[in-house]
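Some notes on the structure that comes next.
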4 protein chains.
Amino acid sequence: MDVGFIGLGRMGQAIAANVLRAGHRLSVWNRSPAAAEALVAGGAQLVGTPAQAARGEVLMSMLADDAAHRSVLIEGGVFAGASGGLVYVNLATVSVALARELAALAAAHGVTYLAAPVFGRPEAAAAAKLNIVVGGDGAALTRIESLLLTIGERIWPVGALPEHANVVKLAGNFMIASALETMGEAAALVRAHGIRSADFLDILTSTLFAGPVYQNYGRLIAAQRYQPAGFTVTLGLKDVRLALEAAESERVPMPVAGVLRDHFLEALAAGRGEQDWAALAEVAATHAALAARGR
Amino acid sequence: MDVGFIGLGRMGQAIAANVLRAGHRLSVWNRSPAAAEALVAGGAQLVGTPAQAARGEVLMSMLADDAAHRSVLIEGGVFAGASGGLVYVNLATVSVALARELAALAAAHGVTYLAAPVFGRPEAAAAAKLNIVVGGDGAALTRIESLLLTIGERIWPVGALPEHANVVKLAGNFMIASALETMGEAAALVRAHGIRSADFLDILTSTLFAGPVYQNYGRLIAAQRYQPAGFTVTLGLKDVRLALEAAESERVPMPVAGVLRDHFLEALAAGRGEQDWAALAEVAATHAALAARGR
Amino acid sequence: MDVGFIGLGRMGQAIAANVLRAGHRLSVWNRSPAAAEALVAGGAQLVGTPAQAARGEVLMSMLADDAAHRSVLIEGGVFAGASGGLVYVNLATVSVALARELAALAAAHGVTYLAAPVFGRPEAAAAAKLNIVVGGDGAALTRIESLLLTIGERIWPVGALPEHANVVKLAGNFMIASALETMGEAAALVRAHGIRSADFLDILTSTLFAGPVYQNYGRLIAAQRYQPAGFTVTLGLKDVRLALEAAESERVPMPVAGVLRDHFLEALAAGRGEQDWAALAEVAATHAALAARGR
Amino acid sequence: MDVGFIGLGRMGQAIAANVLRAGHRLSVWNRSPAAAEALVAGGAQLVGTPAQAARGEVLMSMLADDAAHRSVLIEGGVFAGASGGLVYVNLATVSVALARELAALAAAHGVTYLAAPVFGRPEAAAAAKLNIVVGGDGAALTRIESLLLTIGERIWPVGALPEHANVVKLAGNFMIASALETMGEAAALVRAHGIRSADFLDILTSTLFAGPVYQNYGRLIAAQRYQPAGFTVTLGLKDVRLALEAAESERVPMPVAGVLRDHFLEALAAGRGEQDWAALAEVAATHAALAARGR
């Protein structure tokens, strides 16, 4: 297929490389072109504007936040200049409100909008092991299914409304953040009693809490190792904020999400913004003054 | 071995049956003797006082709460009349303070105290699939290890201090309750947006949150099926309270545990005390008035 | 003075009437002109566009929320067409971000922006008893001080940055909402024990908590009388959200504000959006199922 | 009257001195007799056991916590040896459960139990300006009313159940602690924006939040002056715990009390246990890292 790709951060590069590797023609754009070098060396074409990436059959993008989508897609006029019948696949975690707005704008220009946020850290992206939640037109999804399976291991369709995929993604990220906070509080409790958090987390994540989130993040928390970051505290705060906004728009109180918001803010105020979001666990440890007690 | 067993609730009966089935001599006591019928039919001996169950090599008990331990063990004079060299294995979830007190009392009467709280619901107990966290004297643990493996699939030793096993158990139950609350809030969010919670939870528990707690309780929450209860809301509140006490004694703030406490109280006030503690998820749904909105 | 006034809701009408009564020439504009009738009967001039209200020496406005300010002031081109040297006095509670943006826009058109949010309910506005927090240019404030004293009993200058007045106002409204929640929780506690909340609140608000907020709202909460609304639940949620945004922009965790947000959302979901924000107290009573228990 | 007084901490000494000054015969007991010196110099009689203080018409006590009441009153056999018709006035803040237990024990020995917890710091006690909440037998209260008015400025009767006075006191202390937390969060917000907290708190406590709690504690918080302590962080935590227990026994969720508990624990973990409980405000400032930012 003729595929455009916008947004070559760590996730975007890994995903685009898999598209290229699968034999598709790939046009790429990134605000800073240097990020495209490896892809161009591999056969991708670097285009000069985001709109030029929208001239094929499919456009994918992985942009950082709502503001980046507004600036690149809307102000960049990407939909206005798109080829007829373009399917646009938005892989990023955006707000529910923006998903609705972009889908409407796409439709107005004859572009089919698929919201396709992904679960998985950069390693999973590189290994084409992402889980892709897809909302939007079923026929369009069918058309690009094999393309999506070059970047992920499974597709989870959630129906015709694109923003439903974003709600699922935000609710899922809330669950991950809640697991981080929970392990942080539990680890603080056991450490304060003189038990090693590694021993505690090993028991729980080998049994009741087997599963990737608890096992992978449990290791980071037990080792208090928050660098390099797979996903940062700053991004974690952004996603919790988006979950809270999605909740507020439908009047859903989420007290645990409120705790997460406060603790991400505190981690940020403590200078941990660029650490892995597993560093959320340090907030509970700090509140209990564990370091000062030698625990 | 010559084993006594005190406390034949649902968990206790299942565990004692496995001890018996493994060929050990079993003396049982329960406040209401009727609960012992099946065991007696299987060859166990019913004794008339708790103290009489302490005349063998090992005494196990599975009592409901701190008050029951005080009344049966302390007021019942169980340690005072125990056989020399008795190993007492306390399988229940008790407070850290009571664990310390019982261990000291046992020691004063020459009884070795092993705290051995278990993870697992009644089905797991029946299938001898419990995970047993053990704190206390290592030599005593070695002596009864094969006995413990007749009731559980794995032993997790946490060192010489009995109460450490209780801290681990309480921290673990806190993690389970937090998972229930988290799924409840996430499910309320997606339902309010018109997404089926079963669809959402299926995605998450098939991927990032694979593992028994999320999968088993996710099913109950998606189906809103809280009866019969494997573990009740009332017991959930008790364990969160014990976790908060253990945290307070070491000055560890646990804000998510505070949310859990409030929501268990609310579930109780709403008449859900005897439902499965997965009903915690209904609190979030109620706050968002989902039923009134047909969501 | 020659004064324009935009936004004739309940607060705006009461304030504008005091300006008129003090002998100033008054031009008024409101989206729905009917709201201007009493003022016109009293001598005010109704103008056809918001921009026309900006042709005098001073422009005041009292608009509902950030969106109304954008639509009326920015899209309405009010600053662009303002008379030279206009002092614009924004009496409303707006976001810190909008205050900065409006102040910059005003300055670009030679208009001096004073943020002047007020404390006081409609009765206080009618009685010219408002407390006015003012941020912005000191000389401009001096020039209009006597005008402000026709609508309020005291001016509280907070320095040269307009948005500081908004931060103070939002922090103040957070304190009021927190007092409502606190009285709600305390009242639920005493009622559950069989004590009348009126008796309890009478003791506290006659002694330690003498002062208008506790006394006035304490009466509403004791009587469970939430209509007519002086300030609605919907507006309360808006202001808590603005406080949380102002906190997030400077990385300040505010856990009590998080509780308030959740409870305002729950009150809204329960259909209380147009009740007085003192109805926040009902959330705590509902969680304890007091009605069902006849307490 | 013939009055006994047990418990001569800072509050107890000030109160007993007022009783003595009013011309009553006073027998005093304290664990450490040195605390009685000034009173003895003023004419009080020092007795050797708590029970000896119960030989007059009225016994008052001001003991530190539930444990002290158990040890001094119950183990000390105070009620057993009391004079016939003794009225016992418990001025301390104790748990609802202990109030019930003591009242029953007193009744069994023919002693009338009045729960009479007081609002007021040591300065108010010295100035006989306490507010006294009284639960218990109305006739007994009538008999000692004039005695109580020698130590306080007003009596607030709450009916025949002693523990109702304790519930009111605990709910009141919860309200004070909530005001401390609220001012702490609001002050952190304004400081983070570059506004002096003294300026902010001056506006609010001069207007909407006039009244002793906000004005007195507002000054301490604005000055960040937490020594000497009128009432310590340690005692604040104790009272919040008692409020949470009283709430739990009647199934009342109190999320703000949960925040208070966590923040008192954090203040304690940070070594602030002996500071004035207004230091609760420092927790919010610490979370926002204000000191590190020079705010």
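The values are calculated or read from the model by the stated rules, or taken from the named source; none is laboratory data. Computed from a predicted structure; not experimentally measured. Neighbour counts run over all protein chains shown; Cβ positions are idealised from the backbone, glycine included. Surface accessibility is based on the protein's heavy atoms, side chains included, excluding ligands, DNA and RNA. Shrake-Rupley method; radii C 1.70, N 1.55, O 1.52, S 1.80 Å.
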- Message: Considering only protein heavy atoms and a probe of 1.4 Å, how much of the accessible area of the protein assembly as shown is carbon and sulfur, as a whole percent?
- Response: 52
- If one compares the long axis through the Cα atoms of helix D:255-269 with the longest principal axis of the Cα atoms of chain D, the angle in degrees, nearest 10, works out at 90
- Task: Give the nm distances, rounded to one decimal, from residue D:153 to the matching residue in every other copy, measuring between label points 7 Å along Cα toward the beta carbon; shortest first.
- Result: 2.1, 6.9, 7.1
- With axes computed from alpha carbons, what is the tilt in degrees of helix B:162-192 against the longest principal axis of chain B, rounded to the nearest 10 within 0 to 90? 20
- Item | Within the range A:256-295, GluC sites (Glu not before Pro) in DSSP loop having at most 15 other beta-carbon neighbours inside 10 Å | A:274
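By how many nm would the segment from residue D:198 to residue D:146 lengthen if fully extended, with 0.36 nm per residue of separation less the alpha-carbon distance? Present the calculation step by step, with values, prior to reporting the outcome.
On the way: separation 52, 0.36 × 52 = 18.72 nm, distance 4.11 nm.
Taking 0.36 nm per residue and subtracting the Cα distance, the gain is 14.6 nm.
So how much accessible surface do B and A hide from each other in total, probe 1.4 Å, in square angstrom to the nearest 100?
Numbers: alone 13180 and 13190 Å², together 21250 Å².
Its buried surface, counting both partners, is about 5100 Å².
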- Can you list the lysines whose alpha carbon sits under 22 Å from that of residue A:169, skipping same-chain ones fewer than 8 residues off? A:129, A:238
- Task: Using the 7 Å Cα-to-Cβ label point, sort the distances from residue D:225 to its equivalents in the other copies shortest first and give them in nm to one decimal.
- Result: 4.2, 5.1, 6.6
- Item | Amide H contacts of residue C:156 (H built 1.01 Å from N, under 5 Å, at least 5 apart or other chain) | C:132, C:133, C:134
- Message: Residues of the range B:216-252 losing 50 Å² or more of accessible surface, assembly versus chain alone, probe 1.4 Å, please list them.
- Response: B:248, B:250, B:251, B:252
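If you take the C-alpha gyration tensor of chain B, multiply each eigenvalue by 5 and take the square root, what semi-axes do you get, largest first, in whole Å?
Working: eigenvalues 272, 78, 58 Å².
The equivalent ellipsoid of chain B has semi-axes of 37, 20, 17 Å.
Quick one: accessible area per residue over the range B:109-220, 1.4 Å probe, rounded to a whole number of Å²? The partial results should precede the final answer.
Details: 3180 Å² over 112 residues.
About 28 Å² of surface per residue is accessible.
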- Query: Along each of its three principal axes, how wide is the spread of alpha-carbon positions in the range D:100-211, in whole angstrom units, largest first?
  - Reply: 62, 28, 21
- Placing one equal point scatterer on each C-alpha of the protein assembly as shown and summing with Debye, one gets log10 I(q)/I(0) at q = 0.06, 0.07 Å⁻¹ equal to -0.57, -0.77
- Message: If I model a spin label at residue A:155 and residue C:123 as a point 7 Å from the Cα along the Cα→Cβ vector, what separation in nanometres do I get?
- Response: 6.4
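With n ≥ 4 as the cut-off for DSSP H runs, can you work out [θ] at 222 nm for chain A, using -39500 (n - 2.57) per run divided by the number of residues, rounded to the nearest 500? Intermediate results must be reported in sequence, preceding the final value.
On the way: 12 runs with 143 residues, N = 295.
Computed ellipticity for chain A at 222 nm equals -15000 deg cm²/dmol.
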- What angle do you read, to the nearest 10 degrees and between 0 and 90, between the alpha-carbon axis of helix B:212-223 and the longest principal axis of chain B? 50
- Query: How well do other chains shield peptide C:147-159, expressed as the mean number of their Cβ atoms within 10 Å of each residue Cβ?
  - Reply: 2
- Item | Most mobile of A:93, A:234, A:207 in a GNM of chain A (Cα contacts under 10 Å) | A:207
- Query: Which residue fluctuates the most in chain B, going by a Gaussian network model with Cα springs under 10 Å, if the choices are B:216, B:131, B:166?
  - Reply: B:216
- Query: What relative contact order, as a whole-number percentage, does chain B give when Cα pairs under 8 Å and 6 or more residues apart are counted?
  - Reply: 14
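Among the GluC sites (Glu not before Pro) within the range B:1-89, which fall in a DSSP loop and have no more than 14 other Cβ atoms within 10 Å of their own Cβ? Write out the running numbers ahead of the final one.
On the way: sites: B:37, B:57, B:75; in loops: B:57, B:75.
For GluC sites (Glu not before Pro) across the range B:1-89 that sit outside H, G, I, E and B with at most 14 neighbouring Cβ atoms in 10 Å, the list reads B:75.
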- Message: Taking the rotation axis that maps chain C onto chain D, which residue of C brings its Cβ closest to that axis, and at what distance in whole Å?
- Response: C:211, 2
- Distance in nm between label sites at residue D:34 and residue C:80, each 7 Å beyond Cα in the beta-carbon direction? 8.0
- Note on the structure: GNM on chain D, Cα springs under 10 Å; top mean-square fluctuation among D:203, D:155, D:74 goes to D:203
- Item | Pseudo-label separations to other copies for residue D:21 - Cα-to-Cβ vector, 7 Å, nm | 4.8, 7.7, 8.5
